[in-house]
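Trainee: Provided herewith is a single structure, encoded as structure tokens, for subsequent inquiry.
Taken together, the values in this text are just the output of simple stated rules run on the coordinates, not laboratory data. From a predicted model like this one, the values you see are computed outputs, not experimental measurements. Ideal geometry is used to build each Cβ from the backbone, glycine not excepted, and the neighbour counts take in all protein chains shown.
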Amino acid sequence: MKVTTSCYNRFWIFDEAYQLQRLGVLHRLINDYPKFMTRRWQIADDKVTSLLLNGIYGRVTRKVFPWVSFQTRSQITHSSILFFAKRLPHYLPLDSDIFIGLTTYSLETIERAKQHGITTLVERGSFHPKTEFDLLREECQRWGGSVAHLQKHYDWVIARENAEYQAADHIMVLSNPAKKSMIAEGIPAEKVFVNQCGVDLQLFQPAEKQDTVFRVIQCGGIDQRKGVPYLLQAFSELKLPNSELWFIGGGLETSNLQSVIQKYRADNIVFKGGFPQQELAKLYTQGSVLVLASITDGFGMVVPQAMACGLPVVVTENVGASDLVTEGENGFIVPIRKVEALKEKLLYLYEHQQRAKAMGLAAYQAVKQGQTWDDYGERLVSFLKRVHPQ
């Protein structure tokens, strides 16, 4: 079996490509990075096609994002997507058995693949875009932002992705909540395959915490999607002695949440900025709990990463990685936008810190069995063999 996979930006696809290679089925990885990057994932050069012009275009144009409007950012994003999407079909090896592509980037390649009898699988890392738009529109109405511009962006994405879902033989999502959103938008359940992301247990593992501070960590962008206002309010209202809240992730400078951020500014609320994967593990191990208060999050790779470092987790029902949470055993699942629910779970973990440590150990055990990248790869290849028997 020959599998060609593709991506614009890295996401989880380099890990996927390595797994396909490890299991002997990777035919080609088509992406926008130079080969020195794919070598870091031990992917053989002869398996990689690098569309460097797309990578350069995307990285240069994104440099202007901090200084332009949401509408202009959307236009730049659309142009980057189409530039890659129009080139991708020309690099598809026609002797592939299966083509895998990310949503919004893959319509033209799916059409070309089907002309040549190649089985097609489109991957979506988030909820269905219509579900996502409905949730984010409500956030714009609460916290500010142009609903009209958001709608224009999502109308374009929804139309394009619906065409991909119709054309592709199969759809892969990263969680059961994401699958549920697909079904709610009319996609047949049997067309959707769920495969949760893995975690690198060599990189993410428990280590000794260096102090006694009760430290809440949220890792992700500083934006409405991640539920930042609700966690800020919950933590601020608790007023826990000897506690800190760390936000790890970029986007503070361009966030449209400046007013709510300023409202809850305090010495023990720290915006630490973004960090490479290699440094995240050190930060996680200095936490007491990871929170992901997201309004919409197709998976949330930070959740199994933190669990692998021995942290209990508190996530919303709209975090795909809630699939990994056993309520009260290794973490808690709360409704979106419910500040009181966040406060209740954080207060419990603060007042029962030995229990929290035991839950963290259970979290580590939960991802250790069945949630490695090898597990992800084996689930994927098993599925591909079912849909494309030799």
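Trainee: Assign unit charges at the C-beta atoms only (+1 for Lys and Arg, -1 for Asp and Glu), then state the dipole size of the chain relative to its Cα centre in Debye, rounded to the nearest 20.
Mentor: I would put it at about 640 debye.
Trainee: Beyond 17 Å, how much of the Cα-Cα pair distribution for region 120-209 remains, as a whole percent?
Mentor: Roughly 57 percent, rounded to a whole number.
Trainee: In region 29-72, how does Rg compare with the Kirkwood Rh, expressed as the Rg/Rh ratio over alpha carbon atoms?
Mentor: Over the Cα atoms of region 29-72, Rg/Rh equals 1.16.
Trainee: Which order, highest average first, do 310-322, 371-383 follow once you tally other Cβ atoms within 10 Å for each residue and take the mean per peptide?
Mentor: Going by the mean number of other Cβ atoms within 10 Å, highest first, we get 310-322, 371-383.
Trainee: Could you give the semi-axes, largest first, of the ellipsoid that matches the chain, computed as the square roots of 5 times the alpha carbon gyration tensor eigenvalues and rounded to whole Å?
Mentor: Computed over the chain, the values are 35, 24, 19 Å.
Trainee: Alpha carbons only, please: Rg and Dmax for region 325-390, in angstrom.
Mentor: Rg, Dmax (Cα atoms, Å): 17.6, 57.
Trainee: Another question, if that's okay. For the cross-link pairs 345/385; 63/272; 152/343; 114/179; 35/179, which exceed 31 Å when the distance is taken from alpha carbon to alpha carbon?
Mentor: 345/385; 152/343; 35/179
Trainee: Right, another one. Net charge near residue 28: determine it from the other residues with C-beta under 12 Å of the C-beta of residue 28, scoring Lys and Arg +1 and Asp and Glu -1.
Mentor: -2
Trainee: Let me ask something else about it. State the Cα centre-to-centre distance between region 22-87 and region 335-357 in whole Å.
Mentor: Using only Cα atoms, the two centres lie 40 Å from each other.
Trainee: Say we join alpha carbon atoms closer than 10 Å with springs in a Gaussian network model of the chain; which of 14, 275, 99 then has the biggest fluctuation?
Mentor: The residue that fluctuates most here is 275.
Trainee: Here is a follow-up. Relative to 2.2 N^0.38 Å, what does the C-alpha radius of gyration of region 244-306 come to as a ratio? Two decimals please.
Mentor: It is 1.18.
Trainee: Here's another thing I want to ask about it. If you keep only loop residues by DSSP, which trypsin sites (Lys or Arg not before Pro) in region 159-214 have at most 13 other Cβ atoms within 10 Å of their Cβ?
Mentor: none
Trainee: What translational D, rounded to a whole number of µm²/s, comes out for region 214-368 from Stokes-Einstein when the hydrodynamic radius is the Kirkwood one over Cα pairs, at 25 °C and 0.890 mPa s?
Mentor: It comes out at roughly 163 µm²/s.
Trainee: Please work out the FRET efficiency for the pair residue 134 and residue 46, using the Cβ-Cβ distance as r and a Förster radius of 45 Å; give the result to the nearest 0.05.
Mentor: Efficiency at R0 = 45 Å is approximately 0.50.
Trainee: Mind checking the full-extension length gain between residue 36 and residue 2? Use 0.36 nm per residue of separation minus the Cα-Cα distance, one decimal, nm.
Mentor: 9.9 nm
Trainee: Counting each pair of different Cα atoms once, what's the Kirkwood radius of region 171-251 in Å, rounded to one decimal?
Mentor: When all Cα pairs of region 171-251 are included, the Kirkwood radius is 16.3 Å.
Trainee: Search the structure for amide H atoms under 5 Å from the amide H of residue 227, placed 1.01 Å from N in the peptide plane, and list their residues when 5 or more places away or on another chain.
Mentor: 295
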